[in-house]
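Colleague: Please find one structure pasted underneath; my questions will follow.
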Protein chains: 2
Amino acid sequence: MQLLQVELADRSYPICIGDDLISNAGLLKKTIQGRQVCIVTNSVVAPLYLEALKKTLSDYQIDQVILPDGEKYKTLDVWSKIFDTLLSARHNRSTTVIALGGGVVGDMAGFAAASYQRGVDFIQIPTTLLSMVDSSVGGKTGVNHPMGKNMIGAFYQPKLVMADISLLKTLPARELSAGLAEIIKYGLISDSDFFVWLENNIDQLMQGNVEALTYAVKRSCENKAFVVGKDERESGLRAILNLGHTFGHAIETAQGYGNWLHGEAVAAGMVMAADLSWRRGAISETDLQRIIQLLIRAKLPVKSPANMTDEEFLSLMGVDKKVMDGRLRLVLLQAMGKAEVTSDINLEQLRQTFAACRAA
Amino acid sequence: MQLLQVELADRSYPICIGDDLISNAGLLKKTIQGRQVCIVTNSVVAPLYLEALKKTLSDYQIDQVILPDGEKYKTLDVWSKIFDTLLSARHNRSTTVIALGGGVVGDMAGFAAASYQRGVDFIQIPTTLLSMVDSSVGGKTGVNHPMGKNMIGAFYQPKLVMADISLLKTLPARELSAGLAEIIKYGLISDSDFFVWLENNIDQLMQGNVEALTYAVKRSCENKAFVVGKDERESGLRAILNLGHTFGHAIETAQGYGNWLHGEAVAAGMVMAADLSWRRGAISETDLQRIIQLLIRAKLPVKSPANMTDEEFLSLMGVDKKVMDGRLRLVLLQAMGKAEVTSDINLEQLRQTFAACRAA
């Protein structure tokens with residue numbers, strides 16, 4: 001088992017990464033303060049892992065909330081059901097809310113933990129590669145509003161994140177790839193050595209090798225923790241974590257959420273950011289090709305949809321076609337392993353990137 | 001204008017107390033960071049003070065949410081309407097939510113500010129004496145759940161509290177008295193000099209004297225801030241703020257919420273706590289009578305309802321009639337101006353208190 005401490009003063013917490021942690025009662029018991037736990041999971045994960053977790057926690061009063069699966073259920077209404085269970089089962093302020101699932105489950109359970117009696121303990125057991133390397137670090141919790149994603153929520157840190165690599169055995173291949181997109185992102189924005197390691201180990205990762213996945217998850221969390229530790233409430237530096245996301249969000253919105261996985265859209269978006277960075281002279285053409293090749297080996301898309309025009313991109317990115325007055329801020333590469341946020345964007349270069357990255 | 005700084009490290013904020021502050025544009029502008037404000041108020045306060053506040057803030061994009069009046073609307077559903085307004089009017093992360101109202105408005109607006117985009121600035125303009133001396137300090141925000149009051153919420157500190165004493169001119173006399181109950185509480189739990197001051201100035205306070213009210217609000221907030229500063233997240237000491245509340249909640253529950261105002265129930269509850277403290281030898285009979293007389297001069301009830309039996313009290317206070325195994329914790333006086341939390345309660349003495357304090 002690998003251990004990583006996320007340092008955030010009195011909100012610091014450990015991330016444990018390893019094989020078969022879900023049956024490790026000692027690890028959980030060391031963190032749980034009271035006698036009650038409430039497991040929040042969803043209808044896909046529950047049949048796979050809920051019983052195993054309940055067996056590990058058999059010494060506690062266990063209550064459970066099984067949410068419907070999917071981003072469209074990440075609403076205030078569905079969220080409020082967590083409180084119905086907590087109150088019906090008389091959970092007190094020393095209870096622990098445990099999220100067993102991917103990003104949606106973690107976001108909703110975390111926001112419920114933040115809000116129940118103004119804050120109770122929270123443990124995350126991510127079940128997707130994406131949530132292991134993304135929502136494990138940063139403390140972002142919340143729900144969507146019909147008018148915007150993640151508009152209602154809290155910054156709330158867990159007491160423990162338990163990244164059990166063995167849970168990834170049941171993860172669909174496409175979701176494994178989507179998680180790898182975020183992992184590759186860390187190599188690009190802040191860790192060129194890790195990028196090289198990924199080039200050398202991408203096949204083991206794709207095959208589900210536990211040792212390789214443990215290392216990749218740990219190093220990703222370290223990179224994210226380093227960035228978040230400098231900017232917990234997202235006032236500046238943390239924006240570099242959004243490499244590929246401005247382009248990616250435009251793709252997700254244009255194609256309808258759910259048709260492209262988030263990680264897939266980010267992959268294509270990272271290629272676009274890298275392409276523009278190359279046009280600006282920040283990285284070499286060789287490096288651009290290395291990025292594209294690594295994403296291809298991770299079975300990720302490296303082109304934007306054929307039907308998305310320049311104007312559609314610009315509109316979805318919030319840019320007025322006629323003026324380019326610095327309102328568009330993009331995360332671009334300054335070098336391999338180094339990112340910057342810039343509003344100094346050349347529209348002509350941006351159009352060249354759109355053209356070069358569009359699927360035939 | 002009087003100024004009090006609530007010291008909570010990087011969450012410190014000022015409370016300004018004085019006359020006609022609502023028209024003081026400079027005070028608000030110094031605190032508001034962005035160009036947008038969202039005023040949350042209710043249907044009783046809006047006709048009285050909303051236009052005046054909007055006039056003061058005419059330089060900003062102002063949007064407003066007018067909640068229905070009353071504790072029964074302090075629900076997740078009603079709360080969610082604040083987000084509808086914030087999002088429809090495209091408020092960004094630099095917006096400021098302003099609560100203009102009493103405790104319910106402050107709790108709901110504060111929890112919305114805590115949760116909108118994971119936290120935006122929050123200003124409180126309390127319009128009742130109770131909210132000036134109670135919810136101004138402590139950072140408690142939230143909504144009720146059908147199964148429990150204040151079960152969903154956050155600890156979230158405002159950037160500014162503006163206690164405009166002139167707003168109390170329209171406050172019903174019964175609500176002024178209810179606010180005085182909490183003010184008298186601070187004298188009892190932590191400030192015997194203030195208790196003497198209240199004995200000497202209760203008539204001016206009842207008559208709405210601005211200078212006296214300004215002083216009483218300031219000194220109350222100082223006392224609460226001192227306690228909260230030592231225990232921001234309510235792990236111990238802060239419990240002394242609940243003097244009279246265990247008895248008071250039992251009365252509120254038995255009589256139906258809203259029939260007794262919270263401050264009224266707390267007043268009767270404080271007499272019960274003082275009576276039991278006297279039976280334990282902690283305060284003299286003279287002091288017990290001083291407490292009762294001061295509450296009477298504030299037109300507050302000093303007796304529990306005639307129809308509430310010992311058994312009803314014990315049951316609502318969570319005590320099993322047969323055993324008194326230390327599960328009942330009460331805030332009692334150790335002396336005038338000094339409170340303690342104790343579970344060392346003598347059931348016989350408690351029954352004597354019930355009998356002595358019951359209305360004929």
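Colleague: Ordered by packing density, taken as the mean number of other Cβ atoms within 10 Å over each peptide's residues, highest first, how do B:342-348, B:129-135 rank?
Modeller: Listed from highest to lowest mean packing, they are B:129-135, B:342-348.
Colleague: Taking every pair of distinct Cα atoms and averaging 1/r, then inverting, what Kirkwood hydrodynamic radius in Å comes out for region A:173-357?
Modeller: 16.5
Colleague: Below 8 Å, C-alpha to C-alpha, sequence gap of six or more: please give me the relative contact order for chain B in percent.
Modeller: Reported as a whole number, the value is 15 percent.
Colleague: Between rounded, prolate and oblate, where does region A:284-360 land on the alpha carbon gyration tensor, with a ≥ b ≥ c its root eigenvalues, rounded for a/c under 1.5, else prolate if a/b exceeds b/c?
Modeller: Oblate.
Colleague: Report the full-extension gain for the segment residue A:284 to residue A:29: residue separation times 0.36 nm, less the Cα-Cα distance, to one decimal in nm. Can you show the working numbers first?
Modeller: Numbers: separation 255, 0.36 × 255 = 91.80 nm, distance 5.05 nm.
This chain segment gains 86.8 nm when fully extended.
Colleague: If the cut-off is 15 Å between C-alpha atoms, which aspartates and glutamates fall inside it for residue A:303, apart from same-chain ones fewer than 8 positions away?
Modeller: By straight Cα distance, residue A:303 reaches A:252, A:264, A:275.
Colleague: Could you calculate the FRET efficiency of residue A:174 with residue B:61 from 1/(1 + (r/R0)^6), where r is the beta carbon distance between them and R0 is 41 Å, rounded to 0.05? Spell out each step's value before the answer.
Modeller: Working: r = 43 Å, r/R0 = 1.06.
My answer for the efficiency is 0.40.
Colleague: Moving on. What shape does region B:35-98 take by its C-alpha gyration tensor, where a ≥ b ≥ c are the square roots of the eigenvalues and a/c under 1.5 counts as rounded, a/b above b/c as prolate, and the rest as oblate?
Modeller: Oblate, because a/c is 1.5 or more while a/b does not exceed b/c.
Colleague: Over the Cα atoms of chain A, what Rg and Dmax result, in angstrom?
Modeller: When restricted to the Cα atoms of chain A, Rg and Dmax are 20.4, 65 Å.
Colleague: To the nearest 10 degrees, how steeply does helix B:285-297 sit against the main Cα axis of chain B, on a 0 to 90 scale?
Modeller: It works out to around 40 degrees.
Colleague: Which of B:197, B:79, A:260 has the fewest other C-beta atoms within 10 Å, and how do the rest follow up to the most?
Modeller: Working: B:197 16, B:79 26, A:260 20.
Arranged by neighbour count, lowest to highest, B:197, B:79, A:260 become B:197, A:260, B:79.
Colleague: For chain B, find the longest principal axis of its Cα atoms and tell me its angle to the long axis of helix B:245-255, 0 to 90°, nearest 10.
Modeller: Orientation of helix B:245-255: about 90 degrees from the principal axis.
Colleague: Taking other Cβ within 10 Å of each residue's Cβ, how do B:44, B:266, B:227, B:104 sort, fewest first?
Modeller: Least to most surrounded, the residues fall as B:44, B:227, B:104, B:266.
Colleague: Let me ask something else about it. Any idea what the residue A:341 label distances to the other copies are, label 7 Å down the Cα→Cβ vector, nm, shortest first?
Modeller: Those label-point separations list as 4.1 nm.
Colleague: Spelling out what I want: for every residue of region B:344-354, take phi, set θ = phi - 60°, compute 6.51 cos²θ - 1.76 cosθ + 1.60 (Karplus), and round to whole Hz; glycine and proline get x.
Modeller: So the J values, rounded to whole Hz, are 8, 10, 8, 4, 5, 4, 4, 5, 4, 4, 3.
Colleague: I've got another one for you. For residue A:149 paired with residue B:306, estimate the spin-label separation in nm (one decimal), with each label point 7 Å from Cα along the Cα-to-Cβ line.
Modeller: Label-label distance for residue A:149 and residue B:306, simple model: 6.5 nm.
Colleague: A further question follows. Check cross-link reach from residue B:54 to the aspartates and glutamates: straight Cα distance under 19 Å, and skip same-chain residues fewer than eight apart.
Modeller: B:19, B:20, B:63, B:121, B:164
Colleague: Could you work out, residue by residue across A:149-158, how many beta carbons of other chains sit within 10 Å of that residue's beta carbon, and then give the average as an integer?
Modeller: On the way: counts 0, 2, 8, 12, 6, 6, 3, 2, 0, 0.
Per residue, the average neighbour count from other chains is 4.
Colleague: Relative to the longest principal axis of the C-alpha atoms of chain A, give the angle of the C-alpha long axis of helix A:103-115, reported between 0 and 90° and rounded to the nearest 10°.
Modeller: The helix A:103-115 is inclined about 60 degrees to chain A.
Colleague: D for the protein assembly as shown, whole µm²/s, Stokes-Einstein with Kirkwood Rh over alpha-carbon pairs at 4 °C and 1.567 mPa s: what number?
Modeller: In µm²/s, the coefficient rounds to 46.
Colleague: So, one more: Can you give the alpha-carbon Rg of region B:1-66 over 2.2 N^0.38 Å, where N counts its residues?
Modeller: 1.22
Colleague: May I pose another question? Mind running the shape call on region A:2-169? Use the C-alpha gyration tensor, a ≥ b ≥ c as the square roots of the eigenvalues: rounded below 1.5 for a/c, prolate if a/b tops b/c, oblate otherwise.
Modeller: rounded
Colleague: Suppose we keep just the DSSP beta bridges with both residues in the protein assembly as shown; what percent of those would be antiparallel, to 5? Spell out each step's value before the answer.
Modeller: Numbers: 32 of 83 bridges.
Counting DSSP beta bridges with both partners in the protein assembly as shown, the antiparallel share is about 40 percent.
Colleague: Using amide H atoms built 1.01 Å from N in the peptide plane, name the residues 5+ places from residue B:64, or on other chains, whose amide H lies under 5 Å from its own.
Modeller: B:39
Colleague: Taking amide H positions as placed in the peptide plane 1.01 Å from N, state which residues far from residue A:117 in sequence (5 or more) or on other chains have amide H under 5 Å from it.
Modeller: B:152, B:153
Colleague: Pairs B:218/B:338; A:185/A:224; A:230/A:338; A:30/A:230: which are spaced more than 21 Å apart, C-alpha to C-alpha?
Modeller: A:30/A:230, as the Cα separations exceed 21 Å there.
Bear in mind that the values in this text are calculations on the coordinates, not laboratory data. Everything numeric in this text was worked out from a predicted model, so none of it was measured. Virtual Cβ from ideal backbone geometry, glycine too; neighbours counted across all protein chains shown.
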